[in-house]
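First the structure, in the form of structure tokens, and then the observations on it.
What follows draws every value from the coordinates through simple rules; no lab data is involved. Keep in mind that this is a model prediction, so the values were computed, not measured. A quick note on method: Cβ atoms are made from the backbone with ideal geometry, for glycine too, and the neighbour counts reach across all protein chains shown.
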Amino acid sequence: MRQLRIVYRSFGVRREVIRQVPQKWEELTPDQFLLVSRFYLQEMDESSFLKGFYSLPSGVGFDSYYIYRLSELLEFISDCRVRMDRFILPCVARLKAPGDRLKGMCFEHFMHVDTAFNRYARDGKDASLDTFVSMLYLKDNEYIVLPAGGKNGLFSRQKPLILQKRLSEVAKIDRHVKYAIFLNYVFVKRWLSKAFPFLFPLNDEPEKNDKKPTAPSVNWLDIFDAFVGDDVAVMEKYQAMPVATAFRLLNKRIRDAQKQKK
């Protein structure tokens, strides 16, 4: 963070405002992150974005020089080649994100989420974005895949996700909020590419001037066929594993297989 001091006059009275300015994506507040998402989607102009981002009083003069200097402090938001192991928006419409480093997700849940993410990354359709968000952000004690040791029943605290019902709820969430979740997931996938480089390979710098959101894409059917096989017991064991455990095992198996080919 850096400190910004703006001095201005309002009705002839000298005033000043002091703001803490983020220097990287990780330092953004949830409100600032949502403003960035709106700006990315061109839902607001640069002047409105900066006024909102810095929470500037209405009396602050806002000429082209101010816009230039304030924009200069936020140059980092133009580069999406960032790694992050957490979600900036922990809760949206009573739905909760996974914990830091995807804590709380089992491997099969992640595969469903990642498949939906890849679909939206390909087609850019609002329906695909809704499906992705519906699978990623869940209510307390809600699941897509029953966790290992979990119990399902009429009186169980754990309830399965009813996707069609959730889709109708997520469709009402503002698009810039859902896009922010997508963008954050890109950052998480890029973190995974560093933590588990053989499972999530990423050509990190294909173009020096290409700063658009890009993330490694994994074909989970191919991974399962090659490294898990058709053994149902082994398959179910992997599916119920915490994601970090499954990633470590698969990353090692892929690394070892590549070494044997050399």
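For the pair Asp225 and Gln164, what calculated FRET efficiency results from E = 1/(1 + (r/R0)^6), where r is the Cβ-Cβ distance and R0 = 22 Å, to the nearest 0.05? Working shown, then result.
Values: r = 30 Å, r/R0 = 1.36.
In this case the efficiency is close to 0.15.
Taking one equal scatterer on every alpha-carbon of region 22-181, how large is log10 of I(q)/I(0) by Debye at q = 0.12, 0.15 1/Å? After summing over all Cα pairs, the log10 values are -0.62, -0.89.
Given a Förster distance of 35 angstrom, what is the FRET efficiency for Ala127 paired with Thr245, based on the Cβ-Cβ distance and rounded to 0.05?
On the way: r = 33 Å, r/R0 = 0.93.
Calculated transfer efficiency: 0.60.
Taking every alpha-carbon pair under 8 Å whose residues sit at least 6 apart, region 1-52 reaches a relative contact order of 26 percent.
Go ahead and run the numbers for FRET between Ser217 and Glu26, Cβ-Cβ distance against an R0 of 25 Å, rounding to 0.05. Walk me through the numbers before you get to the answer.
Values: r = 24 Å, r/R0 = 0.96.
That pair, Ser217 with Glu26, gives E of 0.55.
When only the Cβ of Lys, Arg, Asp and Glu is charged (+1, +1, -1, -1), the dipole of the chain relative to its Cα centre reaches about 640 debye.
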